[in-house]
Amino acid sequence: MDIQVKKKLLWATSISAILMAFLLLKVDWEHFTLIAGRMNIKKLVAAFTVFLLGNLVRAFRFHKLDHTDNKLTHWWYINAFYNFITATLPGGSGEAATAYVLKQFSKFNIIGALRILFLSRLMDIFALSALFFIAAVIMPGNASYREASMWLSGAMFLISSITLLPSSEQFVMRLLQKMPGRGVLITRVREKLSELTKILEEQRGNLSFRITLFQSLLMWTGSIVLLHLVLLACGVDFTLFQSAYCFGVYAVFQIIPLQGIAGIGTQAAWFSLALSAAGYRAGDAIALGLVLHGIFYLFIASMGIFSLLAWLKGRRKE
């Protein structure tokens, strides 16, 4: 195993252990019984349905960004793997692993695989920052981090908007052309970026960008509704805008490159902080954060396992 991989795994395990130990020392175990007692299974099933629909939209977006002839079912399997691997591996490793899988199982070189992931991330930031900004504006003035959230979400929206513009790509290309030297590496980078620019222009020409941006907005709206339903299932009386603000704060914490193995410790901590920021001042916030992490990981793992079984079944028929 590579020394850098070992270091990342050791770091992630340490972070998980430290944060999990801190949370378990702070949590009141009776809170888990109280949360279980008020759990609404029907709303939890509705949340899982929204989760599946949101992932179907994500698979459609992958399919729309694809410039080869991969089928939608292929992208459903890739999306299921993408969700599971990014939720399980420490920060950054999941994206790299997904790029490798795209290269191995799709008709992409590594640049094409990274292009799909890069565009997906840009559109995620564009859509999520817009929704987060709206939620922050509507939240009452005494909400924690409200002003900072407005500035941060606005900045994220502006940066992602500028990056998606054709002028940004042309600027980067002109900058590369002015770079000194004619080495093999520089030439290859220019060629690959030129290929990427042509693909982006083609997508703009057939309105793919508008469709994928709309899909991104729809997908992240679905994620907010999903969190809202899970919170209602756990007995948290949040408004939809509170849930949206909670999700936005959680997403900002997710940017921090600290994720334990399977999000153990870190995800529960981010959920607890996000709940507090959105106005949940109850003493069971830490216990609720642990429960939320468990529910979402169960959703992701269930979809991943069933998708893997369906993929293996399809492989046997070929």
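A few notes on this one:
- Applying the set (1) touching a Ser or Thr at 6+ places or on another chain (Cβ under 8 Å); (2) more than 24 Å from ILE41 (Cα to Cα); (3) surrounded by fewer than 22 Cβ atoms within 10 Å (Cβ to Cβ) to ALA285 leaves exactly one unmet item: (2).
- Checking the stated criteria, LEU164 turns out not to satisfy the condition of being under 22 Å from the mean Cα position of the chain (by Cα), modelled with pLDDT of 90 or more and over 29 Å from ILE35 (Cα atoms).
- Close pairs from the stretch 269-283: first closer than 16 Å to SER149 by Cα, partner surrounded by fewer than 24 Cβ atoms within 10 Å (Cβ to Cβ) and aliphatic (A, V, I, L, M), Cβ under 6 Å, at least 6 apart: LEU275/ALA285; SER276/ALA285
- Subset of the stretch 135-155 (residues that are modelled with pLDDT under 85 and of a type in the set (A, V, I, L, M)): ALA143
- SER208 meets the conditions (1) at pLDDT below 90; (2) of a type in the set (Ser, Thr, Tyr); (3) touching a Phe, Trp or Tyr at 6+ places or on another chain (Cβ under 7 Å); (4) farther than 16 Å from LEU117 by Cβ in every case but one. The failed one is (3).
- Flag if TRP270 is in a helix (DSSP H, G or I), out of contact with any Cys (no Cβ under 9 Å at 6 or more places or on another chain) and within 25 Å of VAL27 (Cα to Cα): yes
The values are calculated or read from the model by the stated rules, or taken from the named source; none is laboratory data. Worth saying up front: this structure is predicted, and the values here are computed from it rather than measured. Cβ sites come from the backbone with ideal geometry, for glycine too, and all protein chains shown count toward neighbours.
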